[in-house]
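See below for the structure under consideration.
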Amino acid sequence: MAPAAVAAQPRLRRHGSVGRLVSYLPRNEPRMSPRTFALPALALLLAACAPEPVVPTAPMAMEGVRLTLEARPQSPVCDPAEPYVVRVRWEAKDWPDPRFDFHLERSDGQLWARHNSASGEQDSGPWARPGLFFVMVDRETRRVAAATPVPPLICPPA
């Protein structure tokens, strides 16, 4: 038998006083630990407990939560056909631990911003378009607190 084939086989050794043979892996072979099984099991458990993604079709908000979007015309030219900036304002009254993620289109969509305050405002980049939903999600529970679509851009008279 070739030396490489011998090294790949488990080795046998005598165990204890009864002289029975047990196999063991050489020291350089990977061993299975409880963590090997615990981490994938935990990931599956968390995935099973996560709420289903929400794809809003109309504005909504939980009681005490307000999410508003204001279209901001860019100077010097205002063109409603082009993407534009929106100012996002939120307020969550009596929220025990205000930590919110703001996603685009759906509750598990692209993450736009994260905030740890019950109220605030932030401007988007010049990529907003009418009908794009901003979804405010509680970071701890993954529940949707509010969702609002981007309003159309109304240009001031020239």
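Per-structure values
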{"item": "Residue tally, condition without any contact (Cβ under 8 Å) to a residue 60 or more places away in the chain and under 15 Å from the mean Cα position of the chain (by Cα), over the range 92-140", "result": "21"}
{"item": "Residue ID - nearest to Val150 (Cα to Cα), chosen from residues in the range 73-97 that are aliphatic (A, V, I, L, M) and at pLDDT below 90", "result": "Ala81"}
{"item": "Condition met for Val88 (surrounded by 17 or more Cβ atoms within 10 Å (Cβ to Cβ) and either among the acidic types (Asp, Glu) or part of a strand (DSSP E or B) (or both))", "result": "yes"}
{"item": "Candidate set: the range 49-81, residues that are of a type in the set (Asp, Glu) and over 17 Å from Phe102 (Cα atoms); chosen: the one surrounded by the fewest Cβ atoms within 10 Å (Cβ to Cβ)", "result": "Glu63"}
{"item": "The range 140-158, residues that are over 14 Å from Arg87 (Cβ atoms) and surrounded by 15 or more Cβ atoms within 10 Å (Cβ to Cβ)", "result": "Arg142, Val144, Ala145, Ala146, Ala147, Pro149"}
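The values are calculated or read from the model by the stated rules, or taken from the named source; none is laboratory data. Remember, it's a predicted structure, so these values are computed and weren't measured experimentally. Don't worry about glycine lacking a Cβ; one is built from the backbone with ideal geometry, like all the others, and counts go over all protein chains shown.
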